[in-house]
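Accompanying notes for the structure given below.
The values are calculated or read from the model by the stated rules, or taken from the named source; none is laboratory data. This one's a predicted model, so the numbers in the text were calculated from it and none came from an experiment. Every residue, glycine as well, gets a Cβ built from its backbone with ideal geometry; the counts of neighbours run over all protein chains shown. Surface areas here come from the heavy atoms of the whole protein model, side chains and all, with no ligands, DNA or RNA. Shrake-Rupley method; radii C 1.70, N 1.55, O 1.52, S 1.80 Å.
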Amino acid sequence: MLLAYAAAVLDRDLRTLSREIAAYVDERDLWRVVPGVPNSAGTLALHLAGNIQHYLGARLGGTGYVRDRPGEFAERGVARAELLRRIEAARAAVRAAAAAKVDTSADFPELISDARIVTGDYLLHLCTHFAFHLGQLDYHRRFVTGDGAGVGAVRPAELGSARPAVDAG
């Protein structure tokens, strides 16, 4: 059950990531680096998509994705359409993991920083890691575009278990 809940959160946040990327009016701003902020929005999008495709897709969902983490931080000028394609690929990786038979009480199938970590614990880490970078990207967008409007991030109503309330009265 934990995997299904984590997958719902990550799918929602990947949809938010797509809205953030789409909200940059000038595509060049996706790659602007501002003082004191080491990563551009494009870099963060590549990192988040690669991270999810690796840990959920390849490791839990068996997708065969091969990650190039250094490349996630080295690529520049990737077109918005390609960023959105990679985000959609990450959503597919989340679906693959959610469909897999995964024991969340067992160790994650890869060492993490030379340590064994229980899968359920690591799933929660992946969700918070994603949210951390999504917040960075949101502030980057607001700073470089001057647009303070939100994109409807982290909407609870977009979670997989959300359903209309039934009035008991």
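Worth a mention:
- Meets criteria (more than 11 Å from the chain's Cα centre (by Cα) and either modelled with pLDDT under 95 or among the hydroxyl-bearing types (S, T, Y) (or both)) for S18: no
- Consider segment 98-154 and keep the residues that are open to solvent by less than 30 Å² (accessible area, probe 1.4 Å) and of a type in the set (V, I, T). The one that is farthest from S40 (Cα to Cα) is T119.
- Boolean, L56 is touching a residue at least 24 places away in the same chain (Cβ under 8 Å), part of a helix (DSSP H, G or I) and in contact with a His (Cβ under 8 Å, 6 or more places away or on another chain): no
- Hey, D29 farther than 20 Å from F132 by Cα, open to solvent by less than 60 Å² (accessible area, probe 1.4 Å) and modelled with pLDDT of 95 or more or not: yes
- Cross-chain or 6+ apart pairs with Cβ under 7 Å, segment 16-32 first and touching a residue at least 60 places away in the same chain (Cβ under 8 Å), then exposed (fewer than 13 other Cβ atoms within 10 Å of the Cβ): R19/G152
- Within segment 33-53, if we keep just the residues that are outside any helix (DSSP H, G or I) and touching a Phe, Trp or Tyr at 6+ places or on another chain (Cβ under 9 Å), the residue that is surrounded by the fewest Cβ atoms within 10 Å (Cβ to Cβ) turns out to be V34.
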